């Protein structure tokens, strides 16, 4: 996988020990994301999800911050892929590219770890929140200050955050715009672990390597079930649990495929 | 089966269902799962029973499923129409059904955990209203370490019990957590010391539950379960 440089910032990617390590790199801007960086990040994640040599994904920032947000007015070129969906409104361009990146990361069929040092703000918090694991430096700061800039970010944090930390805490965070310390983020369950800043990169890497040794496809099914069932009623979810385990063992489907290939009517046994 | 499981004991209005296969750390076969179902139903039908408590005899609450006896024997007749082979056999269908019976029971349900609450034990615990644990009890779902996963509804229940943040470490890594850690993340409500006898240590709590108004509890729990699944406007209108 090539290291990719795009626009005002860069997104670096490399694979080692079955871990795809993606690094955000926009010096002087605390790795704030623009459109080309978001597209590159989504592309690297999507490639990793198809790569048998990738069994866990690590996302971090270079230069002492994870991601300080975005850079309104300096978002770089609108990606050609979404040219038919470019639309403006009272809050600026519709967040089509932001949503594309966030949905790609959230749906990844690999475990995804966010490594949070320095600032994780706004769009950076959006990105961290859709990862499966959040590991932070003990001096990191997390928050969504966009309300203080009278910006409404339609990035889905209003869905994700209450489910991560409960509605009461999410309301405070989203509507006051206050950033919180790493210790507070650990206490309320927004991040899973803290490490001294100097040890963070190595600890996160070691953790990702342990994730990469787990049964990747089993884990992917568990992840997909959990995310889908956040939106289901109990009885529906219980049926879903059983239904996803049945298709592999239905013998008639093999006969169906054979019959189709041999251009004859299938002889089903009911098994 | 060598001996009855669960043991059914009454302490006034408190019904104790005690898993009773201590040599195997109360790992459960078909007959034990179905025994739990029958005992739960009997407790629901008995107006004198105000609280239903699940615990384990010996060194553990429940160490999971006993895979050995999962042959043809012991499959309950009431589920014969649902005996459909899955990728890991038919066991998950029974576990899915019996844990759902606990989850949907409208009397107070309490899991008293000690030793191990793992796999099926963790499934039953997460289907109760209240979880009390010894500090050092080992809790979790290690099935992923075998490339397996449960399908009794942890994927629905856990994110609603503890917040989605803790779903990934508990379910993806398969690492067990202690009772104390489970209390920190909100999975366990109360702790007792490791050398305490769980049923004695919990007695005051259980009898306080038993003094609650049964009708109000029933209505409130039904509303809560409804509220987890329905849109706000639907819930509010249906309560009016």
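Values in this text are rule-based calculations from the coordinates and carry no lab data. The structure presented is a predicted model; accordingly, all values stated were derived computationally and were not measured. Here the Cβ is made from the backbone with ideal geometry for all residues, glycine too, and neighbour counts use every protein chain on show.
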- request: Within the range B:202-232, find all residues whose amide N lies under 18 Å from a label point positioned 7 Å from the Cα of residue B:11 along Cα-to-beta-carbon.
  value: B:202-212
- line: Relative contact order as a percentage, chain B, C-alpha pairs under 8 Å and 6+ apart, gives 18 percent
statement: Only helices counted: for chain A, with every DSSP H run of 4 or more residues adding -39500 (n - 2.57) and the sum spread over all residues, [θ] at 222 nm is -12500 deg cm²/dmol
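When each pair of different Cα atoms in chain A is counted once in the 1/r mean, what is the Kirkwood radius in angstroms, to one decimal? List each step's numbers first, then the result.
Values: mean 1/r = 0.0497 Å⁻¹.
Roughly 20.1 Å, rounded to one decimal.
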message: So for each of A:12-22, B:109-119 I average, over its residues, the number of other beta carbons within 10 Å; can you give me the resulting order with the highest mean first?
response: B:109-119, A:12-22
task: Please state, as a whole number in µm²/s, the translational diffusion coefficient that the Stokes-Einstein equation yields for the protein assembly as shown at 20 °C and 1.002 mPa s, with Rh defined as the Kirkwood radius across alpha carbon pairs.
output: 86 µm²/s
field: Estimated translational D of the range A:105-232 in µm²/s (Stokes, Kirkwood radius over Cα pairs; 37 °C; 0.692 mPa s)
entry: 215 µm²/s
- prompt: Roughly what angle does helix A:96-106 make with the longest principal axis of chain A, taking Cα atoms, 0 to 90 degrees, to the nearest 10?
  reply: 60 degrees
field: Length gained when the stretch residue A:175-residue A:262 is fully extended (0.36 nm per residue, less Cα-Cα span)
entry: 25.1 nm
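Tell me, Kirkwood radius of the range B:196-240 from alpha-carbon pair distances, in Å?
Result for the range B:196-240, one decimal place: 12.7 Å.
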query: What do you get for Rg/Rh over the range A:227-271 if you use C-alpha atoms and the Kirkwood form of Rh?
result: 1.22
field: Order of B:232, B:122, B:156 - criterion: other Cβ atoms within 10 Å of each residue's Cβ, fewest first
entry: B:232, B:156, B:122
- line: Hydrodynamic radius by Kirkwood for the range A:188-271, inverse mean 1/r across distinct Cα pairs, in Å, is 17.3 Å
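Find the relative contact order for the range B:40-170 and round it to a whole percent, using C-alpha pairs within less than 8 Å whose residues are 6+ positions apart. The partial results should precede the final answer.
Values: 171 pairs, mean separation 35.4, N = 131.
Dividing the mean separation by the residue count of the range B:40-170 yields 27 percent.
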query: When only alpha-carbon atoms count, how far does chain B stretch along each of its three principal axes, as whole angstroms with the largest first?
result: 49, 40, 38
message: Based only on other Cβ atoms within 10 Å, what is the fewest-to-most ordering of B:237, B:138?
response: B:237, B:138
message: Averaged across B:159-171, how many Cβ atoms of other chains sit within 10 Å of each residue's Cβ atom?
response: 6
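Nearest 500 deg cm²/dmol is fine: what mean residue ellipticity at 222 nm does chain B get from its DSSP H runs of n ≥ 4 alone, each adding -39,500 (n - 2.57), divided by its residue count?
Result for chain B, helices only: -11000 deg cm²/dmol.
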- request: Considering only DSSP beta bridges where both residues belong to the range B:7-211, give the percentage that are antiparallel (nearest 5).
  value: 25 percent
- request: Give the angle, between 0 and 90 degrees and rounded to the nearest 10, that separates the Cα long axis of helix A:234-243 from the longest principal axis of the Cα atoms of chain A.
  value: 60 degrees
- request: Give me the percent of DSSP beta bridges within the protein assembly as shown that run antiparallel, rounded to the nearest 5.
  value: 35 percent
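For the range B:46-109, how big is Rg over Rh, using alpha carbon atoms and the Kirkwood form of Rh?
A ratio of 1.02.
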- line: Once normalised by the length of the range A:6-70, the mean sequence separation of its alpha carbon contacts under 8 Å that are 6 or more apart gives a contact order in percent of 42 percent
- prompt: Which of these, A:74, A:251, A:178, has the largest mean-square fluctuation under a Gaussian network model of chain A (Cα springs below 10 Å)?
  reply: A:251
- prompt: Counting DSSP beta bridges with both partners in the range A:4-214, what percentage is antiparallel, nearest 5?
  reply: 40 percent
- request: Shielding by partners for A:234-247, please: the mean number of other protein chain Cβ atoms within 10 Å of each residue's Cβ.
  value: 6
- request: Can you put B:192, A:268 in order of Cβ neighbours within 10 angstrom, beginning with the fewest?
  value: A:268, B:192
- request: Any chance you could give the angle, 0 to 90 degrees and rounded to 10, that helix A:197-212 forms with the longest Cα principal axis of chain A?
  value: 0 degrees
- request: Run the quick spin-label model on residue A:199 and residue B:104: label points 7 Å from Cα toward the beta carbon, then report their separation in nm to one decimal.
  value: 4.9 nm
- line: Over its alpha-carbon atoms, the range A:27-111 yields an Rg and a Dmax in Å of 14.0, 44
statement: Taking R0 as 22 Å and r as the Cβ-Cβ distance between residue B:190 and residue B:145, the FRET efficiency 1/(1 + (r/R0)^6), rounded to the nearest 0.05, comes to 0.15
- request: Over the alpha-carbon set of the range B:137-240, divide Rg by the Kirkwood Rh and report the Rg/Rh ratio to two decimals.
  value: 1.05
query: For residue A:159 and residue A:187, what does the FRET efficiency come to when R0 = 35 Å and r is the distance between their Cβ atoms, rounded to the nearest 0.05?
result: 0.95
task: Mark the label point 7 Å from the Cα of residue A:149 along Cα→Cβ and return the residues of the range A:55-73 whose backbone N is within less than 15 Å of it.
output: A:67-73
task: Report, as an integer, the average count of C-beta atoms from other chains found within 10 Å of each Cβ along A:161-174.
output: 2
message: Quick check on packing: order B:9-15, B:94-100, A:129-135 by the mean number of other C-beta atoms within 10 Å, highest mean leading.
response: A:129-135, B:94-100, B:9-15
- prompt: What is the spin-label model distance, in nm, from residue A:239 to residue A:17 if the labels are put 7 Å beyond Cα along the C-beta direction?
  reply: 4.5 nm
query: Of A:112, A:45, A:249, which is the most mobile in a GNM of chain A whose springs link Cα atoms less than 10 angstrom apart?
result: A:249
